[in-house]
Structure formats: C-alpha cells, structure tokens
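Here is the structure we will look at.
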Amino acid sequence: MDAQADKNSGPRIICVSSGKGGVGKTSVAVNVSSAMAREGKKVLLVDGDLGLANVDIVLGINARHTLREAVENGMPLMDILVRIDPNFFVLPASSGVPEMASLAYEEQAFLTSALEEVAGAFDYVLLDTAAGIGDSVLWFNQWADNNIVVMSPDPTSMTDAYALIKVLNKQYDKSAFHLLINSVKSKKEGREVFNGIAAVLKKFLDIEPALLGIIPQDSHVSRAIRTQKPFVNNDPEARASKAVRQLGKAVFAL
Ligand SMILES: Nc1ncnc2c1ncn2[C@@H]1O[C@H](COP(=O)(O)OP(=O)(O)OP(=O)(O)O)[C@@H](O)[C@H]1O
Ligand SMILES: [Mg+2]
C-alpha cells in the first residue's frame, strides 16, 4: 500500500503556511476548520505559531493550558485540547515565549509524536503555522500530508511564498503545493495572482501548484477579529463565508 492510500484511513494532516506574515493564515484556518466541523468531520486545529499564538485570540478563548506545557512539562495534549464546537477542537499555543518559537530537535520530535497520538481521534488536523521559513514552519510542513500556501495580491507575499516553497522543495523534497489566494478584489484578480506564481514555480522549480481557493477581501473578516467569533458562523451569507465553505469542500477533496 502506498503512503497516500495508507493516509486515507487515518487523519489527514494539513499545514497552512505563507512565507509573508499577515496574509490571513489564522483567519482562514480557524474559519475553514469550523466550516468543516459543521459538515460533520472531526477537526483539530493546532496553533503552530508556537511563540506568538493567534488562534486563541481569533476564537476569543482564554486557554487554561497551552502547547508550551506539553513541551516543557510533558502535559498530555488531551489535557490541553479546547472544544469549540461539537466537532471542532483546538490546541492553543503560548504567546510571547521566544523559546517556543525555536524548539530544540528533541522538543520538536516529542511534540510531533504527541500530535501523532492525538491526531488519531480526528478526521482532519490543520496546522496554522507562523510566518516565515523558521524551523517550526518547515517541520510542520514536513510532517503534513498536504501543504497549503496562503498568498495575497501583495507582490511581497508572492516572493515570500516562492521562497517557502523553494526551501520545502529543495530541503524536504516536497513538490505538491495547494495555493490559497486571499484578500482579492475579484476572482479574476485571484486567478491572475495564481497564474503569476504558478508560472514562476514552473519555470524555476518545475513545480505545478494547484489552486485550492480564492477568498475575497471582506470587512466581515477583519470585523471578526474584534468580535472573536468565526465569521463563517456569525455572518454565513458574507462573501468570505461562502468562499470559506467552498474551500472546506476543496479540502475534503484533497
Ligand atoms: N479576506 C480578508 N478580508 C479582509 N481582511 C482580512 C482577510 N483575511 C485576513 N484579513 C485580515 O488581515 C489581518 C491578518 O490576518 P491573520 O491574522 O489571519 O493573518 P496571518 O497570516 O495568520 O498573520 P500572522 O503571519 O501574523 O500569523 C487580520 O486583521 C485579518 O482580519
Ligand atoms: Mg496567524
């Protein structure tokens, strides 16, 4: 049995990264997790921004425990899990803890095996990573079955996405990438951004990325950061909510 077929029986691990910061990884990861859970799948969202947590803020949760306690004291991940919805669980991270942003090899290995154990209870595990190409970002991407790279129309988000993909390709032998274009003014703009980076990836790395989804720029997304509720539930008719539900379907089809 090949690795992919084998994976079909277990949880699917999906990493959400970007290169450039602030392009919408956390907003998208939280909302698509919530949308997928409401479709009946059991979803775990891991805040992989280990030193500068975001997921708890976006969801308005006050985490009693975080992944820091797992790494530092061996706390079982089951004790750290926060239940958001019947099928939607979160593993929160700590914020303002620089040591967590650069884990030693043994700590990373410990966290991965702990995550592997807990992952078995879920259909999908989404990893919302930090920006950049730091160790934890590369390591979460290496662990994942699918690699989603988020970009915005900002040209620097394209060069940073390219840099991340290049490192994952050259150092970790990853060649399948799903791109998500966020904060666009129109679908057309989203397709143009995708075509632009796809051409560069093909030319320089011989990689043919897939377009996973396009999410419009929508004030409901930025407002949701203030209300601390997923916009996909709070404003189900918003354009971004419709796009996120569609994205959830695309993730099911991965
Ligand atoms: N589609 C969108 N429309 C409008 N605003 C958006 C959209 N997506 C994200 N934003 C806004 O952009 C900001 C950054 O979003 P978010 O925190 O999700 O990005 P990030 O990639 O996780 O950032 P970081 O790299 O710091 O972790 C937030 O204020 C969010 O509300
Ligand atoms: Mg984030």
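Mind telling me which of the residues Asp56, Asp85 ends up being acidic (Asp, Glu), over 27 Å from Ile197 (Cβ atoms), more than 16 Å from ligand 1 (Cβ to nearest atom) and out of contact with any strand residue (DSSP E or B) (no Cβ under 6 Å at 6 or more places or on another chain)? The match here is Asp85.
Tallying residues that are of a type in the set (A, V, I, L, M) and part of a loop (DSSP other than H, G, I, E, B) within the range 119-135 yields 4. Within the range 128-147, if we keep just the residues that are touching a residue at least 60 places away in the same chain (Cβ under 8 Å) and within 12 Å of ligand 1 (Cβ to nearest atom), the residue that is farthest from Leu91 (Cα to Cα) turns out to be Gly132.
The residue that is modelled with the highest pLDDT, counting only those in the range 212-225 that are surrounded by fewer than 22 Cβ atoms within 10 Å (Cβ to Cβ) and within 16 Å of ligand 2 (Cβ to nearest atom), is Ser222. The residues listed here are Val16, Val30; of these, the one that is closer than 16 Å to Asp145 by Cβ, crowded, with 21+ Cβ neighbours inside 10 Å, at pLDDT 95 or above and not charged (D, E, K, R) is Val16. Number of residues in the range 180-205 that are out of contact with any Phe, Trp or Tyr (no Cβ under 6 Å at 6 or more places or on another chain) and either among the small types (Gly, Ala, Ser) or under 23 Å from Ile13 (Cα atoms) (or both) equals 8. Tallying residues that are without any contact (Cβ under 8 Å) to a residue 60 or more places away in the chain, among the aliphatic types (A, V, I, L, M) and surrounded by 14 or more Cβ atoms within 10 Å (Cβ to Cβ) within the range 89-123 yields 9.
With respect to the conditions (1) surrounded by fewer than 20 Cβ atoms within 10 Å (Cβ to Cβ); (2) without any contact (Cβ under 8 Å) to a residue 40 or more places away in the chain, Lys229 falls short on a single one, namely (2). Which one is nearest to Phe252 (Cα to Cα), of the residues in the range 166-189 that are touching a residue at least 60 places away in the same chain (Cβ under 8 Å) and touching a strand residue (DSSP E or B) at 6+ places or on another chain (Cβ under 6 Å)? The extreme case among them is His178.
The values are calculated or read from the model by the stated rules, or taken from the named source; none is laboratory data. What you see is a predicted model, and the numbers here were worked out from it, not measured in a lab. Backbone-built Cβ (ideal geometry, glycine too); neighbour counts: all protein chains shown.
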